[in-house]
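Worksheet: the structure to be examined is printed underneath.
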């Protein structure tokens, strides 16, 4: 199976793909999410993994825009517990580190640690693991990366400080994308829907009432600008339901009150958890417990 990810091997996208598919993967490493979507659109890969939201930094709005733009299908999701570590070439200590490289979101997730070390200048890079790889490949002295433990192992770096993320219950939700949407799961219980409601008072309330009438729980609403319509928005909704609910009936009713709608995917919801009583952190997805 060939999978497109944003970032290098041992990135969090790579970890999410391994945990979701539970098999060896042929990776296509992409520098941007646009490249990820293009690779899937052109049939270069079987599936793609794309982060969509994080418990600390929130929604990745550009990626919601990509879901609007590309004819791709969501066929699954996975929640990954994110632990960020400061790593560098072996033999160095904190006093020698002058620069830290990482993805801008990772730097944001570790902002409190960076504020405590003002002598270190943060430099944005395209990826967490890619930053670790660059340090190893070029033998960069005085430069550290913020990335996951797997990146330190793969690229032979020493972890100087463990768990520097601001929020210890830090999870990222990843979407599993397909071009044709033929992948199916037994008893799906989650859907992602993109719609444009009428521009009148109470129109969004009408949409929510449809889901309420069909006993469907809306777990997220995200507004995304419509590029060709300034100051107008589409709404991305995540909906979950029980075994007795018929989603198709709700979709039919939505047709009557929305300008447009598109079901981005119907799939099995992933789960996440955190043990607040100990240091043990768990994240589960697709029925698999990950310790």
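Starting from the Cα coordinates of the chain, work out the convex hull volume and express it per residue in Å³.
156
How big is segment 85-161 by Rg and Dmax over its Cα atoms, in Å?
Expressed in Å, the Cα Rg and Dmax of segment 85-161 come to 10.8, 29.
May I ask you to compute the full-extension gain from residue 231 to residue 98, defined as 0.36 nm times their residue separation minus their alpha-carbon distance, rounded to one decimal in nm?
43.6 nm
Need one number: the % of Cα-Cα pairs in segment 190-267 sitting beyond the 20 Å mark.
Result: 25 percent of Cα pairs exceed 20 Å.
For the chain, what is the calculated [θ] at 222 nm in deg cm²/dmol (nearest 500), taking -39500 (n - 2.57) for each run of four or more DSSP H residues and dividing by its residue count?
Using -39500 (n - 2.57) per qualifying helix, the result is -7500 deg cm²/dmol.
Which order do 194, 110 fall in if you start with the one that has the fewest other Cβ atoms within 10 Å?
194, 110
Please find, in a Gaussian network model of the chain (springs between Cα atoms separated by less than 10 Å), the residue of 87, 50, 205 whose mean-square fluctuation is greatest.
Maximum fluctuation in the GNM of the chain, among the listed residues, is at 205.
Along the Cα→Cβ direction, 7 angstrom out, place labels at residue 158 and residue 201. What is the inter-label distance in nm?
Between residue 158 and residue 201, the label points sit 6.8 nm apart.
Springs between alpha-carbon atoms under 10 Å, Gaussian network over the chain: tell me which of 214, 14, 85 tops the mean-square fluctuations.
214
For residue 257 and residue 223, FRET efficiency with R0 = 22 Å and r from the beta-carbon atoms, rounded to 0.05?
Computed FRET efficiency for residue 223 and residue 257: 0.80.
Over segment 1-139, how many percent of alpha carbon pairs lie in each 10 Å bin up to the one with the longest distance?
Distribution as computed: 11, 39, 33, 15, 3 percent.
Once the Cα atoms of helix 12-21 and of the chain are each reduced to a long axis, what angle between those two axes, in degrees from 0 to 90 to the nearest 10, is obtained?
60
For the chain, set up a GNM with springs between Cα atoms under 10 Å and report which of 257, 216, 82 has the largest fluctuation.
Among 257, 216, 82, the largest mean-square fluctuation in the Gaussian network model of the chain belongs to 257.
By how many degrees, between 0 and 90 and to the nearest 10, does the Cα long axis of helix 128-138 differ from the longest principal axis of the chain?
Taking the Cα atoms of the chain, the angle to 128-138 is about 30 degrees.
What's the angle, to the nearest 10 degrees (0 to 90), between helix 203-213's Cα axis and the longest principal axis of the chain?
80
Would you mind listing how long segment 138-223 runs along its three principal axes, going by Cα atoms, in whole Å with the largest first?
Rounded to whole Å, the extents work out to 59, 34, 23 Å.
Read-outs: derived from the displayed coordinates by stated rules, not from any lab. Just so we're clear, the structure is a prediction, and the values are computed from it rather than from any experiment. Methodologically, a virtual Cβ is constructed for each residue, glycine included, from the backbone with ideal geometry; neighbour enumeration extends over all protein chains shown.
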